[in-house]
1. DSSP beta bridges in chain A, what fraction antiparallel, as a percent rounded to 5?
2. Would you mind getting the Kirkwood hydrodynamic radius of chain A from its Cα pairs, rounded to one decimal in Å?
3. In whole angstrom, how far apart do the alpha carbon centroids of the stretch B:163-241 and the stretch B:31-64 sit?
4. Calculated FRET efficiency, A:Glu41 and B:Asn217, Cβ-Cβ r, R0 45 Å, to nearest 0.05?
5. Using 22 Å as the Cα-Cα cut-off, could you pick out the over-long pairs in B:Lys190/B:Lys273; B:Lys167/B:Lys273; A:Lys263/B:Lys263?
6. For chain A, what is the relative contact order in percent, using Cα pairs closer than 8 Å and at least 6 residues apart in sequence?
7. Over the whole of A:204-212, what's the average partner chain Cβ count within 10 Å per residue? Rounded to a whole number, please.
8. Against the empirical 2.2 N^0.38 Å scaling, what ratio does the C-alpha Rg of the stretch A:106-148 come to?
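Values in this text are rule-based calculations from the coordinates and carry no lab data. In this text, all values refer to a predicted model and were calculated from it rather than measured experimentally. Every residue, glycine as well, gets a Cβ built from its backbone with ideal geometry; the counts of neighbours run over all protein chains shown.
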There are 2 protein chains.
Amino acid sequence: MKVAFQGTKGAYSEEALKRYFGDSATPVGFELSEQVGDALEAGEVAMGILPVENSIAGNVAINMDLLYQHNFFVIGELYLPIHHCLMARPGVKLEDIKSVHSHPVALEQCRDFLNRHNIRPIPDFDTAGASKNLVARKSKDQGTISSRLCSEYYGLEILDDDVQKVKHNITRFQVFVKESNIPDGILQEKTSIAFTTKHHPGALLGCLQEFAKADINLTRLESRPIPENPFAYIFFVDFMGALNDTKVKETLLNLRNDAEHIKVLGSYPIASK
Amino acid sequence: MKVAFQGTKGAYSEEALKRYFGDSATPVGFELSEQVGDALEAGEVAMGILPVENSIAGNVAINMDLLYQHNFFVIGELYLPIHHCLMARPGVKLEDIKSVHSHPVALEQCRDFLNRHNIRPIPDFDTAGASKNLVARKSKDQGTISSRLCSEYYGLEILDDDVQKVKHNITRFQVFVKESNIPDGILQEKTSIAFTTKHHPGALLGCLQEFAKADINLTRLESRPIPENPFAYIFFVDFMGALNDTKVKETLLNLRNDAEHIKVLGSYPIASK
C-alpha cells in the first residue's frame, strides 16, 4: 500500500509514516503538500499523512487548509517527538565540523548547540534534503541536522542525537484517505471538523454551546484565516466522540443554527502522546 | 526614538515599522525575536514591533509566546500587504537570471513565477539577508526575492514587484512597549488578552460566554500549545473595546470564574486592513 508524505526521503514526515504504518506501507515522498493531496485524489496512493500542528511552531496552516479543501477523511493521528540529530559522513568527528546544513527552523532550534561548538549554520530547503546533499559533496568538515532515519538512508553517522534546545518538540500528524475509500472498522474515538460561522453576533459561542450542551469535550480549537479572504476565519475543532454517536450526530445538526458551512474532516482512534 | 524589529535591514518587519512610525523612529534590527524582547526589557529601545499572524501561514507562534511571557503592552497594530519583489543588481535583466536566493517560504510562494521563467530557487536564512548577500557576490545571473525596501537599501533594481501566487498575503504586526512605559493618550479601541482555562469541563465556553453576556465582539481567537507543556493550551483573544471600559473591566473580572491565568497583552487603536 502506497502512502504519500511531504518531503525528501528521510524527512520527519516519513519517520511519522513508518511509526504509524510499520512495514505495511510504501512511503512515497512529494515536494509539496498539495502534491500529496493531488496524488491521493488521483488514486496514485491509498493514503496520505501530513503534520497539522507542532508544540513549538503552532499550526501547520497549509495542511489544515488542504484537509479542509479536499474531500478526504482523517482515519488516524500520531504524535511524533522531534529529535534533531547531528550527523556527518563516517569518520568525521564533532570537532571536525565547521558548518551544518539544514532547514532554517531546525538550525534555529539547535542554535545554542551550534554556538557552543562554534559551528556555522547554513540554510537548506529541508532537513532530509540537506543530509542527502551532504553525501554528494563528500565533505569532511560539514554536518547536517535531520531525523535519525536520514543516517540510515544516507549512510551518515549520528554524532549527537538530541541537539535542539527545547526538548518537548512534538509534531502531530493526521492520516487520511479519500472520503469514498474509508476502510471498515476504524475505531472512532475522536472527531475533527471545521466550520465557518454565520454572520450574527455570538455565532461562535452558539456553536461551542452545542458541544457543551451535549457534554462533548473539545480537545482542540483553532481559528484559521480563510485564504483569499484574510482575517475571516474557519474554526478547526477536535472533540472526543465518534462521528456515528447519536449525541455527536445531533450536535452537528444543531450546529447548523450558528455555523454557515460545516465540514467533517474525520473520526479516528486517539493516539498516545 | 529607537524601535526594535526582527530581521536584517530591509526585512518586511522594517517595512511595517516604517509604515507605522514614518520618520519618527530609528529602526534597530535583531537576528531573533527574543533579542527584540531583551532589548526592550533592557531599555535599549523604546518600543518593539513583531508579526503575530499572516493570512497564509497563520499564527507567528513564537511572537505570541514572547508577548505572553514578557511584561509588555501592545499599543498598536498594523496590517502589511506582502509584495514579494524580484530584484537584481543594476543592468541585470529578467532573462539573465538563472537563480534566485530567498527564504524558503518566500521562494515557495513565488514557485509558479520561478518555474515559468526557469529560475532555480536557492534557500537563504531570510529575504533581506539574501538581497544583502547578492550585492557582495556581484553576480550577473542571480536575483533575490524580498521587500521593496531592500532595493533602496542595497541598490538593487526591481524587475517585477508582485511575484507571489496568492495576492492576498497580509501580515499583522503588533507594536508594544514595556508595561511600565505606556504612553498617555493611546486610543483604546481593541484589546488583546491571553488566558489559560481552569481544569473543569466547559471552562473555555464559560470564558467566551462572559464576552457574549457583555455584548463584546471577539475579533480573534487562537489556541496555542503551551511551550514545554505540549498540547495544553493558552487562548489568545482580541476583542472590540478599551481596557478601561467599565464593561470590559467587569468581563475580565468575571472571566476569573473559568480562567486560571489571565494576561492583558494590550489595548490600542484599530488598524485598517
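1. Working: 45 of 60 bridges.
Roughly 75 percent of the beta bridges in chain A run antiparallel, per DSSP.
2. For chain A, inverting the mean 1/r across all distinct Cα pairs yields 20.1 Å.
3. 16
4. Working: r = 39 Å, r/R0 = 0.86.
E between A:Glu41 and B:Asn217, to the nearest 0.05, is 0.70.
5. Violating the 22 Å limit, Cα to Cα: A:Lys263/B:Lys263.
6. Taking the mean separation of contacting Cα pairs over the length of chain A, I get 23 percent.
7. Mean inter-chain Cβ contacts per residue within 10 Å come to 4.
8. 1.13
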